[in-house]
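Participant: Sending over a structure as structure tokens; questions will come in a sec.
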Amino acid sequence: MRLDTGELTEWKLAAPEEWDTLLPPHMARRLHACARALTHDTTLYLHHGFDPTRHHT
């Protein structure tokens, strides 16, 4: 993969415990959901980082 100049200014490998402080909430929710899916060897359908079949407050 090759990025255009200036497309990526920095990167960091981060543990799941850091995602909530490093990313906007919608992106952190998606990453946490992906990590859970990988752990349980399943797939997910998300809408804005939430499972649309469950009630969220």
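Values quoted throughout were computed directly from the atomic coordinates according to the rules given, and no laboratory measurement underlies them. Quick caveat: nothing in here was measured; it's all calculated off a predicted structure. Neighbour counts are summed over all protein chains in view; Cβ atoms, including those assigned to glycine, are modelled from backbone coordinates with ideal geometry.
Participant: Can you work out the Karplus-derived ³J(HN,Hα) for every residue in segment 37-45? Use 6.51 cos²θ - 1.76 cosθ + 1.60 with θ = phi - 60°, whole Hz, and x for glycine or proline.
Facilitator: Working through the residues one at a time gives 5, 5, 4, 9, 6, 9, 10, 9, 10 Hz.
Participant: Here's another thing I want to ask about it. First select every other residue whose beta carbon is under 13 angstrom from the beta carbon of ASP51; then total the charges, Lys and Arg +1, Asp and Glu -1. Before the final figure, lay out each step's value.
Facilitator: Values: positive: ARG29, ARG30, ARG36, ARG54; negative: none.
With Lys, Arg at +1 and Asp, Glu at -1, the net is +4.
Participant: From the Cα gyration tensor of the chain, with a ≥ b ≥ c the square roots of its eigenvalues, which class applies: rounded if a/c is under 1.5, or else prolate if a/b is larger than b/c, or else oblate?
Facilitator: prolate
Participant: Ranked from highest to lowest mean number of other Cβ atoms within 10 Å per residue, what is the order of the peptides 4-11, 36-43? List each step's numbers first, then the result.
Facilitator: On the way: 4-11: 5.9, 36-43: 9.2.
Ranked from most to least packed, the peptides come out as 36-43, 4-11.
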